[in-house]
1. Of the conditions (1) part of a loop (DSSP other than H, G, I, E, B); (2) surrounded by 15 or more Cβ atoms within 10 Å (Cβ to Cβ), Gly99 fails just one. Which one is it?
2. Where in the stretch 43-96 are there strands (runs of 3 or more DSSP E), lying wholly inside it, with at least 2 residues that are over 30 Å from Ala22 (Cα atoms) and either open to solvent by 10 Å² or more (accessible area, probe 1.4 Å) or within 16 Å of the ligand (Cβ to nearest atom) (or both)?
3. Return the pairs, sorted by first residue and then second, in which the second residue is within 16 Å of the ligand (Cβ to nearest atom) and part of a helix (DSSP H, G or I), the first residue lies in the stretch 143-167 and is farther than 26 Å from Ile202 by Cβ and open to solvent by less than 20 Å² (accessible area, probe 1.4 Å), the beta carbons are less than 8 Å apart, and the residues are 6+ apart or on different chains.
4. Name the residue that is farthest from Ile103 (Cα to Cα), counting only residues in the stretch 170-190 that are open to solvent by 60 Å² or more (accessible area, probe 1.4 Å) and within 16 Å of the ligand (Cβ to nearest atom).
5. Being small (Gly, Ala, Ser), within 16 Å of the ligand (Cβ to nearest atom) and either without any contact (Cβ under 8 Å) to a residue 12 or more places away in the chain or in contact with a Lys or Arg (Cβ under 9 Å, 6 or more places away or on another chain) (or both) is true for just one of Gly283, Gly229, Gly299. Which residue is that?
6. Within the stretch 237-280, count every residue that is aliphatic (A, V, I, L, M), away from the ligand (no atom under 14 Å from the Cβ) and touching a residue at least 60 places away in the same chain (Cβ under 8 Å).
7. Can you tell me which of Phe106, Phe125, Phe62 is within 26 Å of Ala279 (Cβ to Cβ) and modelled with pLDDT of 95 or more?
8. Can you work out which of the residues in the stretch 117-138 that are open to solvent by 30 Å² or more (accessible area, probe 1.4 Å) and among the polar types (S, T, N, Q) is nearest to the chain's Cα centre (by Cα)?
Amino acid sequence: MGKGLLLVGEPMGLLIAKQEGALETVKDYSLAVAGAEFNVATGISRLNHKVSYLTKLGDDPFGKLIESTLRGNGIDSSLVSYSKKERTGFMLKGKVSKGDPQIFYFRAGSAASTLSESDVEQIDFTRFSHIHLTGIAPALSETTLKAVYRMIELGRKAGLFISFDPNLRPQLWKSQELMVKTLNNLASKADLVMPGDGEGDILCGSSEPEKIAAFYQKLGASSVIVKCGPQGAYYATPEKTGKVAGFIIDKVVDTVGAGDGFAAGVLSALMEGLDFDKAVERGCAIGAIQCTFAGDNEGLPTKAQLEQFMASHKRRDF
Ligand SMILES: O=C(O)C(=O)C[C@H](O)[C@H](O)CO
């Protein structure tokens, strides 16, 4: 096992509706943990890599659930601290038989939104080889945005590989213009950017994978992987470009968390020194697996489950 992956973000309590319908009409919810970076951390840990998560929790039942879930999933929680005042964020997620579920956040002013540069400055960056960032932590508050910039600066100084998934959350930004400007600036500082083709429309003015990749490479990112939903993904590195076909699954249960599964697949493979082609293929496999589960992270596979899925599922034409 090499050095680990470092993440920063907001894990939340997650209430998943057990019945279809508007969230206020649902009678039963099941309790779980959500958060894009939490999902990536879980995926990386299930594949036997070291992973640490910088966050702040409230001293409340959601905070306690999250800390015990982090530990239970083998994620290092030594960088987790508790806020005396602020609460842990949580969210509701609907149940659907088709399309994306309705979600509602209770996260404004949460404990995680008080993370700041000083929290980043206490990290020993020599413990890590990779940093993975999303566009969510920078959207939480002005202090979290500064913390993310500081993490890039210190991570860069320590020679870490930095990946960035824009993960658009328009409801967390003051304006779309600010979201686009900030996320593209963060992306320009990354070694690897992983947008979806739909996000490309908003961030780069095109949903064509080749154009999105060219946009970010021109901004300064060395490599780009564009997720193209069930079709698969397109990648461009300084040396080569390629298309990787997606895996065919019987039924999509819930697409939430698929992008995080994709990131876990790509990053775990890169941490193992695999080629980009293989890394993107693993990303596509875990993204597909995630779509077959209702939870945001419960389907994330172990190495054996991943190998079994890849050996038994056909690929699309792409
Ligand atoms: O982290 C967030 O902002 C979420 O919305 C929680 C979910 O687990 C996430 O959408 C999955 O990417």
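1. Among (1) part of a loop (DSSP other than H, G, I, E, B); (2) surrounded by 15 or more Cβ atoms within 10 Å (Cβ to Cβ), Gly99 violates only (2).
2. Numbers: elements: 51-58, 80-83, 90-95.
Here the list reads 51-58, 80-83.
3. Taking only residues 6 or more apart or on different chains, not a single pair turns up.
4. It comes out as Pro170.
5. So the residue among Gly283, Gly229, Gly299 that is small (Gly, Ala, Ser), within 16 Å of the ligand (Cβ to nearest atom) and either without any contact (Cβ under 8 Å) to a residue 12 or more places away in the chain or in contact with a Lys or Arg (Cβ under 9 Å, 6 or more places away or on another chain) (or both) is Gly283.
6. 8
7. Step by step, each of Phe106, Phe125, Phe62 is checked, and only Phe125 is within 26 Å of Ala279 (Cβ to Cβ) and modelled with pLDDT of 95 or more.
8. My answer is Ser129.
The values are calculated or read from the model by the stated rules, or taken from the named source; none is laboratory data. Quick caveat: nothing in here was measured; it's all calculated off a predicted structure. So basically every Cβ, Gly included, is an ideal-geometry build from the backbone, and we count neighbours across all protein chains shown. Quick note on the areas: whole protein, heavy atoms, side chains included, nothing else; ligands and nucleic acids left out. Shrake-Rupley method; radii C 1.70, N 1.55, O 1.52, S 1.80 Å.
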